[in-house]
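Engineer: The structure under discussion is supplied below as structure tokens; questions concerning it will follow.
The values are calculated or read from the model by the stated rules, or taken from the named source; none is laboratory data. Quick caveat, the model's predicted, so the values are computed rather than measured. Note that we place each Cβ from the backbone using ideal geometry, even for glycine, and neighbour counts take in every protein chain shown.
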Amino acid sequence: MRQTLQKKILREELAKFNSFFDGNDLYQKVSKRNHKIGIATVYRFLKRLVEEEEIHSYLCGKRTIYSGNKDNHCHFVCKKCGNINHFQIKNLDFLNIKGEVCHFQIDVYGTCEKCLK
Ligand SMILES: [Zn+2]
Ligand SMILES: [Zn+2]
Ligand SMILES: [Zn+2]
């Protein structure tokens with residue numbers, strides 16, 4: 001019974017994110033509502049949803065982040081200053097993939113505008 005309640009809270013809080021979040025972001029929200037939900041439970045929950053393809057996971061620097069509604073996570077990384085700019089790709093047609101895409105991540109490396117000046 002308690003398990004079901006915890007899952008309900010996890011699902012409700014997860015649904016409130018409309019962009020990227022990490023395990024700790026979700027933990028902060030659910031632990032406010034129910035202090036019995038531990039960080040390990042949150043990560044188990046997220047892992048299962050990724051396996052079931054309900055949410056996608058990406059690597060952002062050293063952080064694992066998640067999203068239920070964004071199917072891509074892209075970086076433009078400046079090799080000079082290390083600055084990371086995020087961007088989203090709206091249309092996948094240029095990839096010319098035959099089949100169904102779940103999600104993708106692109107890391108583009110170069111020199112940012114600031115460093116070019
Ligand atoms: Zn996915
Ligand atoms: Zn990122
Ligand atoms: Zn730079």
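Engineer: Output the helices (runs of 4 or more DSSP H) that fall wholly within the stretch 1-85 and possess 3 or more residues being in contact with a Lys or Arg (Cβ under 8 Å, 6 or more places away or on another chain) and not assigned by TED's automatic domain parsing to the domain that holds Gly110, or say none.
Structural biologist: Ranges flagged: 2-15.
Engineer: Right, next: Out of the stretch 77-117, which residues are of a type in the set (Phe, Trp, Tyr) and either under 14 Å from Cys60 (Cβ atoms) or more than 16 Å from ligand 3 (Cβ to nearest atom) (or both)?
Structural biologist: Phe87, Phe94, Phe104
Engineer: Sticking with this one: Which number in (1) modelled with pLDDT under 95; (2) under 29 Å from Val42 (Cβ atoms); (3) outside any loop (DSSP other than H, G, I, E, B) marks the one condition that Phe94 misses?
Structural biologist: (2)
Engineer: Go through the stretch 94-109 and give me each residue that's free of Cβ contacts under 8 Å to residues at least 24 places away in the same chain and among the charged types (D, E, K, R).
Structural biologist: Lys98, Glu100
Engineer: If Tyr66 passes every condition in (1) within 15 Å of ligand 2 (Cβ to nearest atom); (2) closer than 29 Å to Glu113 by Cβ; (3) of a type outside the set (Lys, Arg) but one, which one does it miss?
Structural biologist: The failed condition is (2).
Residue-by-condition table, conditions (1) within 16 Å of ligand 2 (Cβ to nearest atom); (2) within 28 Å of Thr4 (Cβ to Cβ); (3) in contact (Cβ under 8 Å) with a residue 40 or more places away in the chain:
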| residue | (1), (2), (3) |
| --- | --- |
| Ile37 | no, yes, no |
| Tyr43 | no, yes, no |
| Leu46 | no, yes, no |
| Leu59 | yes, no, yes |
| Lys70 | yes, no, yes |
| Gly82 | yes, no, no |
| Leu92 | no, no, no |
| Thr111 | no, no, no |
| Lys117 | no, no, no |
